[in-house]
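Reading through the structure tokens given below for one structure.
The values are calculated or read from the model by the stated rules, or taken from the named source; none is laboratory data. Since this is a predicted model, take the numbers as computed values, not measurements. Note that we place each Cβ from the backbone using ideal geometry, even for glycine, and neighbour counts take in every protein chain shown. Note: areas computed on protein heavy atoms with side chains; ligands, DNA, RNA excluded. Shrake-Rupley method; radii C 1.70, N 1.55, O 1.52, S 1.80 Å.
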Amino acid sequence: MLADPTELDRTASTMMISDADIQQRLLFLEVTAEDIRLLREIHPLLQARLPAIIAGFYRHLQTMPVLRRMLADPVVLDRLHQLQGAYFETLTAGDYGPDYVRHRLRVGLAHQRIGLAPEWYIGAYRKYLGDLGPVLQELLHDRPALLLPTYNALMKVASFDMGLALDTYIQASRKQLRDSEARFRAAFGQAAVGLAQLSAEGRWLRVNRKLQDIVGYTEEELRSMHLSDLVSPEDWQMDAPLLHALAHGELETSAREKRYLCKGGHQVWVKATVTAMQPDGSAATLVAVIEDISQRKQFEEELMHLARHDALTGLANRTLLLDRVSQAIAQARRSGNQVAMLFLDLDRFKTINDSLGHDAGDRVVVEVGRRLKHAVRDADTVARFGGDEFVVLLPELPNENIAAGLAQKILNALFEPMLIQGHELAPACSVGISLFPRDGADGKTLLKNADAALYQAKAMGRGNYQFYSEEMNARTLDRLTLESGLRHAVERGELQLKYQPQIDLASGTVVGAEALLRWQPAGQHLVMPDAFITIAEETGLIVTIGEWVLRTACAQQVAWQRAGLPSLRIAVNLSARQFRQPGLDTMVARVLEETCCRPDVLELEITESVLMDRPDAAAVTLQRLSDMGVQLAIDDFGTGYSSLSYLKRFPINALKIDRSFVSDISADADDGAIAGAVIALAHSMGLTVVAEGVETSQQRDFLRQLKCDQAQGFYFSEPMTAAALQNTFYYGEAQA
């Protein structure tokens, strides 16, 4: 029989959840402001369709004989119909505060009171949502994109409602549990979790088999014991007031995770949920549900380990390191000692990965981690930051000499060869060191400054350690500023080319010009290539900049020719990264076509060291460029270690003698001999020879005697603008 509305209101009020709980449930169901807006928008459109949907809701309930008998009373059915109708009218209204929750509980209580089991209730709700789908599709036929979001919003609110309705069933079930000792006894012994009945004071009164298995005591042994006998004194200090509150009705349920002391002397993790049971006329007792969560705790510990350790090496990761740095700094403040942070990475690790594969690289990383652990003290922390980067934390240092000594020990340890996949490798490292309190007051600052010191160590030749200094940060900031500005230099039009004439030594005429890159940031001094080319190479910006240089130089060559100048050869340097970039020949061909520049007047210069790094691949690239008609020259010849057999394979047109051999060519017999040998070798191969860095008439004359073909340098001309070079032809060509 349906309860009186007043009684429903009273019961619903006792079951009301807090405003915070309402918001928490809505948040968990991801009910957003957009969901509410969509529901409010569809709300007025649904009102006319609700009667038919509600009628379908109750027709579906009555399809089952058992439900038909429950709803046989027309008074009951009418009152339910009114309750349900009022609920459905508010379902899409967009207000899900306390009044809405209270009404939802009243509806759930009404269905529960007539005996409508949750499975029938949920099934009917499914029918309602199923019927509502086509209705929404029809109402939103002109806005199909809103159908799924609106239906999803409705599903969220419906799930919220069903949770509230099921709360009424749960509350009823709890009451039945308290009132039915017989049902409790029937299920007690067969439960898959530990169950126990305790006195209000914490004495074991009854336990099931599962609990005996968990703790190792028999029921008889437990009856002679107190709850405090199974927990540590610290845990009992927390449990005692909770039991008192449960026994006196101040607390309904208490759930805690703790360790139980087992009979065998070991400890086991359990989750103990204790509820007060107060049968009519009897003293309060406690019912405890004891779950063995040892396996879950083990999984949690493993997950915690994974979250704070590197998966490959098992070393600490960044999170754990920074936590330990904070502890070390706090201790150092108390003791007055120092803390050191050593930042290191392996030199040439990329070469190992590229040549032997990442599996070999991983083995190297693991072995490096093992050696670092062996090299440090027990109190130190070794962390891996990913790739080939490691950090070593040294707490409680009386002086920085210990850090320096350990850094050298690490360098020595990693210099020792290791056998990886049949290859003997010695991946030396560079180390940067920062100290607390001198170089920073927190872990992140120490890490940043150790990284700056590492960068300095690499700049000084690798395989060494450097302590941090303020100047390093200034240099790092300068580098970052340069890099940032360089990223926008092309689009801002800040790059420019200067052209240094190349002179035919026999006739003294200008036969070509080398394009030299300069950077003029707005409002700043001119930046020379040696200050930014390395950064451009490391960041990959050289690819974009290099194409700009090539395009600008080719366009200028065409402009000179159209202005009536002789057909000057234009020389453009290719950087290492440019030369190894896939599709170099395609890019060059595209630039030549777009600028209308002839291939035979373009000379691309590649350094000897770049060609000999990967000679087989270089030969293929050079051949493709040569097949296009582009002239090719080896720059800085004589500074590398060229193999003559490879040199013969390269389709080269010219060799450029490095300025280091030219500077003392007339005074140093060795330099003169080298230059003479290079010129003779080149001529024997049919190559043109260009000398760089000619600054005196003596150098010029000596090169003429050696039959050098061409030369460039300050003796003839400094690099000049395109207009200035053009004027040399209008007002008298430069003469040697």
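Residues that are buried (at least 19 other Cβ atoms within 10 Å of the Cβ) and touching a residue at least 60 places away in the same chain (Cβ under 8 Å) occur at least once in segment 572-592.
Pairs meeting the criteria (first residue in segment 523-551 and within 16 Å of Leu584 (Cα to Cα), second residue open to solvent by 50 Å² or more (accessible area, probe 1.4 Å) and not hydrophobic (A, V, I, L, M, F, W, C), beta carbons under 7 Å, at least 6 apart or on different chains) are Glu537/Arg577; Gly540/Arg577; Leu541/Arg487; Ile542/Arg577; Val543/Arg577; Val543/Gln581. Of the candidates Arg113, Arg104, the single residue that is in contact (Cβ under 8 Å) with a residue 12 or more places away in the chain, among the basic types (Lys, Arg) and open to solvent by less than 10 Å² (accessible area, probe 1.4 Å) is Arg104.
Just the residues that are farther than 13 Å from Ala457 by Cα, assigned to a strand (DSSP E or B) and of a type outside the set (Val, Ile, Thr), please, taken from segment 402-438. Of everything in segment 402-438, those that are farther than 13 Å from Ala457 by Cα, assigned to a strand (DSSP E or B) and of a type outside the set (Val, Ile, Thr) turn out to be Met418, Leu419, His423, Glu424, Leu425, Leu435, Phe436.
Gly512 fulfils the conditions (1) part of a loop (DSSP other than H, G, I, E, B); (2) closer than 28 Å to Thr586 by Cα; (3) open to solvent by less than 20 Å² (accessible area, probe 1.4 Å) except for a single criterion, (1).
Every test in (1) surrounded by fewer than 17 Cβ atoms within 10 Å (Cβ to Cβ); (2) at pLDDT below 85 is passed by Gly638 save one, and that test is (1). Kindly evaluate Ala426 against the criterion of being open to solvent by 10 Å² or more (accessible area, probe 1.4 Å) and more than 20 Å from Glu470 (Cα to Cα). So Ala426 passes the test. Give me the pairs, please: first residue somewhere in segment 422-445 and at negative phi and of a type in the set (A, V, I, L, M), second residue anywhere and part of a loop (DSSP other than H, G, I, E, B) and open to solvent by less than 10 Å² (accessible area, probe 1.4 Å), beta-carbon distance under 8 Å, and either six or more positions apart or on two chains. These pairs meet every condition: Ala428/Asp347.
Can you tell me which of Ala452, Ala441 is under 30 Å from Ser326 (Cα atoms), modelled with pLDDT of 85 or more and either assigned to a helix (DSSP H, G or I) or touching a Gly at 6+ places or on another chain (Cβ under 7 Å) (or both)? Being under 30 Å from Ser326 (Cα atoms), modelled with pLDDT of 85 or more and either assigned to a helix (DSSP H, G or I) or touching a Gly at 6+ places or on another chain (Cβ under 7 Å) (or both) holds for just one of Ala452, Ala441, which is Ala452. The residues of segment 161-177 that are open to solvent by less than 40 Å² (accessible area, probe 1.4 Å), farther than 25 Å from Ala33 by Cα and within 44 Å of the chain's Cα centre (by Cα) amount to a single one, Asp167.
Search segment 44-67 for residues that are surrounded by 11 or more Cβ atoms within 10 Å (Cβ to Cβ) and pair each with any residue that is not in a helix (DSSP H, G or I) when their beta-carbon atoms are under 8 Å apart and the residues are at least 6 apart or on different chains. Within 8 Å, the pairs are Leu46/Thr92; Tyr58/Leu71; Leu61/Leu71; Leu61/Leu116; Gln62/Leu71; Leu67/Leu116.
Of the listed requirements (1) in contact with a Leu (Cβ under 9 Å, 6 or more places away or on another chain); (2) charged (D, E, K, R); (3) buried (at least 16 other Cβ atoms within 10 Å of the Cβ); (4) under 26 Å from Arg206 (Cβ atoms), Arg256 misses just one: (3). Taking the criterion of being of a type outside the set (Val, Ile, Thr) and assigned to a helix (DSSP H, G or I), the residues of segment 328-338 that qualify are Ala328, Ala330, Gln331, Ala332, Arg333, Arg334, Ser335.
Of all the listed residues (Ala307, Ala288), the sole one being modelled with pLDDT under 80, of a type outside the set (Lys, Arg) and open to solvent by less than 70 Å² (accessible area, probe 1.4 Å) is Ala307. Kindly indicate the residue of segment 350-396 that is within 16 Å of Pro417 (Cα to Cα) and in contact with a Phe, Trp or Tyr (Cβ under 9 Å, 6 or more places away or on another chain) and also surrounded by the fewest Cβ atoms within 10 Å (Cβ to Cβ) among those meeting that condition. The extreme case among them is Gly369.
Total residues in segment 124-160 satisfying the condition of being in contact (Cβ under 8 Å) with a residue 60 or more places away in the chain, under 39 Å from the mean Cα position of the chain (by Cα) and open to solvent by less than 60 Å² (accessible area, probe 1.4 Å): the figure is 10. Limited to segment 6-31, what total is found for residues that are surrounded by 12 or more Cβ atoms within 10 Å (Cβ to Cβ) and in contact (Cβ under 8 Å) with a residue 60 or more places away in the chain? The qualifying residues number 12. Note on segment 693-707: residues that are of a type in the set (Lys, Arg), out of contact with any His (no Cβ under 9 Å at 6 or more places or on another chain) and open to solvent by 60 Å² or more (accessible area, probe 1.4 Å) total 1.
Let me confirm something: among Gly686, Gly629, which residue is under 25 Å from Arg598 (Cα atoms), of a type in the set (Gly, Ala, Ser), assigned to a loop (DSSP other than H, G, I, E, B) and open to solvent by 60 Å² or more (accessible area, probe 1.4 Å)?
Just a single option satisfies the conditions, and that option is Gly686.
Would you confirm, using the coordinates I've provided, whether Asp613 is of a type in the set (Asp, Glu), touching a helix residue (DSSP H, G or I) at 6+ places or on another chain (Cβ under 9 Å) and open to solvent by 30 Å² or more (accessible area, probe 1.4 Å)? Yes: the conditions hold for Asp613.
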